[in-house]
Amino acid sequence: MPHESTSSPTSTTAALGFCFADDLSRSAMTLRKGERTRSAIQVAVCKQLETVSLADLTIANICDAAQISHGTFYIYFPNRNALVADVLFRFSAFVQARMRNASREDPDDRPARAATYAYFQLFEANLGLMRCLMRHLDNFPEAQAEFWNLNREWLETVATSTANKLRKTGLDIKHDELMRRAYALGGMTDQYLAGLLLDKDPNMQPFSRDRQALIDTLTLLWERGLQS
């Protein structure tokens, strides 16, 4: 299997539907004009956060990127934080939906690997938004609550699925134990990908260039951590 760089988003990743800004743009094509303008503002935030830190993101940046006036901006959002919170709220649901779809559609019956690979691609294709989810959610309590709820729902699904599989082999691990493991493994994955893709830790780069090997490693940890 060919080696693939993990240093930046790829056109393949975007084409497969993992880029949230692209998904918003596609969805806006069928909307009425007012909703298209709202969507354009949301897309502008997504794209600006790829190159501008949250602290430096201004309404002027957003209006320029969306090609709208300040007055038009305030028709849709009362301030910058309300807009960012709305985008993060929607993005959280987008991430969970893509991971669920990937785990259900895996042809080799390895949902853990399919979901892990989907998460990697989502992380890679939405670095600005992922940076906000990882490091700035305290500023957006409603988006934070939604992210926590969706994360819990996803891990509940993982724990329940694992318990069902283990019972077929005669093993019975309590639900609370599986949830502890799932949260720990999820945090571990987030830290690894944040170090690799957000911080671009130079010490991680040499052994993280092979994308498939990286996904295999993370999947192995998930599978053994949950099922041992």
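Structure notes:
- Estimated from the Cβ-Cβ distance and a Förster radius of 30 angstrom, the FRET efficiency linking W148 and R32 is about 0.35.
- Accessible carbon and sulfur surface of the stretch 96-163 relative to its total accessible area, %, 1.4 Å: 46 percent
- Förster radius 35 Å - calculated FRET efficiency between Q67 and D210 (Cβ-Cβ, nearest 0.05): 0.30
- Against the chain, whose longest principal axis comes from its Cα atoms, helix 211-227 is set at around 60 degrees.
- Summarising the label geometry, the points placed 7 Å from Cα in the beta-carbon direction at S228 and K168 lie 2.3 nm from one another.
- Hull-based mean projected area of the stretch 34-115, where the convex hull spans the alpha carbons, in square nanometres: 6.6 nm²
- Here's the list of lysines a cross-link from K165 could span, going by alpha-carbon distance under 28 Å and ignoring same-chain residues fewer than 8 apart: K174.
- For K200, a cut-off of 28 angstrom between C-alpha atoms picks up these lysines, skipping any fewer than 8 places away in its own chain: K47.
- If you look at the Cα atoms of the stretch 113-228, you get an Rg and a Dmax of 15.4, 46 Å.
- Contact order relative to length of the stretch 20-124, as percent, for alpha carbon pairs under 8 angstrom and 6 or more apart: 19 percent
- Highest average first, the peptides 186-195, 125-134, 201-210 ordered by how many other beta carbon atoms sit within 10 Å of their residues are 125-134, 186-195, 201-210.
- Rolling a 1.4 Å probe across the protein heavy atoms gives the chain an accessible surface of 53 Å² per residue.
- Length-normalised contact order for the stretch 65-186 - Cα pairs under 8 Å, 6+ apart - percent: 23 percent
- Sequence-distant contacts, meaning Cα pairs under 8 Å at least 6 residues apart, place the relative contact order of the chain at 26 percent.
- Taking all protein chains together and a 1.4 Å probe, the residues K168, K33 rank K168, K33 from largest to smallest accessible area.
The values are calculated or read from the model by the stated rules, or taken from the named source; none is laboratory data. In this text the structure is predicted, and so the values were computed from the model without any measurement. Positions of Cβ are generated from backbone atoms using ideal geometry, with glycine treated the same way; all protein chains shown enter the neighbour counts. Only protein heavy atoms, including side chains, enter the accessible area calculation; ligands, DNA and RNA are left aside. Shrake-Rupley method; radii C 1.70, N 1.55, O 1.52, S 1.80 Å.
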